[in-house]
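Right, one structure below, let's go through it.
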């Protein structure tokens, strides 16, 4: 059987009537930007996360830029970020005027470590962007103990936990993406910034609306970065189901282990104290592109993501020229994403593992 890499449609299908009703409600109301649906979603997501404040923005990339600006990051500052991540985590830094400084990751967990961050801190470091990559949880408390504010890039990790706390409620400020393939996905682009600090929340809300606190006085050069009403309405319908969907992703990861996938490649390792809600299920094996090609021939979705890390991308190479990141190099060389979704069934898992077994033989 064919097994897709993603399957956001199946869990959402059961909510089709609710989604249609929510979108119709917005159309009937006639307010489409920063209206009652956004207000309600922000409050509901804040309660769900266990934080005081959430502000909706246009996408996850601008969420990071705005969060950094809210922290006062600007020209002359440095922001530490892992290189093994989606390009946007680093791309969001130069628009603040600051310089991205790349740190390494543990290739077993795919997230940065306190030692990796400590190794690149300087007196100019104004913040650290810690990426909860693939749904695993970066060590926020340990990095904050180094004395620098942490921005959680939780785009791939809504629903993941560190102890009793959810990602997004661990650091100084956190950012989310609601791209359709995420654990909580919209019907297009969308993002949010979460924080427990009322002052930071106020700065985020000013910056997302052209740098204006009142829509008349413009105190900053800001952004036109607003979550729209249609997306907020769709996200409100789905939010109550996210914990169940994340538990289904965890169950799928366990099924992979039970089916013997660990005999064929290195499985992702949860970070210490973490309970990941896997947005992507990424294994490691030498020559992953060859395995990916064989799996695609068998109808199995599989792909590499960050074979060229951020510090080697053409637009950012000038910032990463001196970086020596062996963990990043290993992760980039060996990683491969296999099918993962809240709808992944045991028969599909067995099909994937059988295809991997046949390919490696």
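The values are calculated or read from the model by the stated rules, or taken from the named source; none is laboratory data. Keep in mind the model is a prediction, meaning the values are calculated, not measured. Cβ: placed from backbone, ideal geometry, glycine included. Neighbour counts: every protein chain shown.
Annotation: of all residues in region 2-53 being within 30 Å of residue 302 (Cβ to Cβ) and exposed (fewer than 13 other Cβ atoms within 10 Å of the Cβ), the one that is farthest from the chain's Cα centre (by Cα) is 2. Restricting attention to region 308-318, the residues that are assigned to a helix (DSSP H, G or I) and touching a strand residue (DSSP E or B) at 6+ places or on another chain (Cβ under 8 Å) add up to 2.
Condition check ((1) surrounded by fewer than 17 Cβ atoms within 10 Å (Cβ to Cβ); (2) in contact with a strand residue (DSSP E or B) (Cβ under 8 Å, 6 or more places away or on another chain)) across all residues:
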site: 266; (1), (2): yes, yes
site: 280; (1), (2): no, yes
site: 290; (1), (2): yes, no
site: 306; (1), (2): no, yes
site: 321; (1), (2): yes, no
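Any residue at all in region 208-225 that is within 12 Å of residue 63 (Cβ to Cβ) and either under 19 Å from the mean Cα position of the chain (by Cα) or surrounded by fewer than 18 Cβ atoms within 10 Å (Cβ to Cβ) (or both)? Among the residues of region 208-225, at least one is within 12 Å of residue 63 (Cβ to Cβ) and either under 19 Å from the mean Cα position of the chain (by Cα) or surrounded by fewer than 18 Cβ atoms within 10 Å (Cβ to Cβ) (or both), which makes the answer yes. Quick check on my filter: what residues within region 239-293 are in a loop (DSSP other than H, G, I, E, B), free of Cβ contacts under 8 Å to residues at least 24 places away in the same chain and more than 22 Å from the chain's Cα centre (by Cα)? Scanning region 239-293 gives a single hit, 287. Within this structure, residue 137 fails the test of being modelled with pLDDT of 95 or more, under 26 Å from residue 99 (Cβ atoms) and not assigned by TED's automatic domain parsing to the domain that holds residue 337. Condition (residue is more than 25 Å from residue 133 (Cβ to Cβ) and surrounded by fewer than 22 Cβ atoms within 10 Å (Cβ to Cβ)) applied to region 240-254: is it met by at least one residue? Yes - at least one qualifying residue is present in region 240-254. Residues in region 337-348 that are outside any loop (DSSP other than H, G, I, E, B), surrounded by fewer than 24 Cβ atoms within 10 Å (Cβ to Cβ) and within 24 Å of the chain's Cα centre (by Cα): 337 alone. Of all the numbered requirements in (1) closer than 19 Å to residue 354 by Cβ; (2) out of contact with any helix residue (DSSP H, G or I) (no Cβ under 7 Å at 6 or more places or on another chain); (3) not in a strand (DSSP E or B), residue 329 misses one, and that requirement is (1).
Restricting to region 149-190, name every residue that is under 18 Å from residue 114 (Cβ atoms), assigned to a loop (DSSP other than H, G, I, E, B) and touching a helix residue (DSSP H, G or I) at 6+ places or on another chain (Cβ under 8 Å). If the condition is that a residue be under 18 Å from residue 114 (Cβ atoms), assigned to a loop (DSSP other than H, G, I, E, B) and touching a helix residue (DSSP H, G or I) at 6+ places or on another chain (Cβ under 8 Å), then 170, 171, 172 are the ones that fit. The residue of region 183-199 that is nearest to the chain's Cα centre (by Cα), among those that are surrounded by fewer than 22 Cβ atoms within 10 Å (Cβ to Cβ) and over 29 Å from residue 252 (Cα atoms), is 196.
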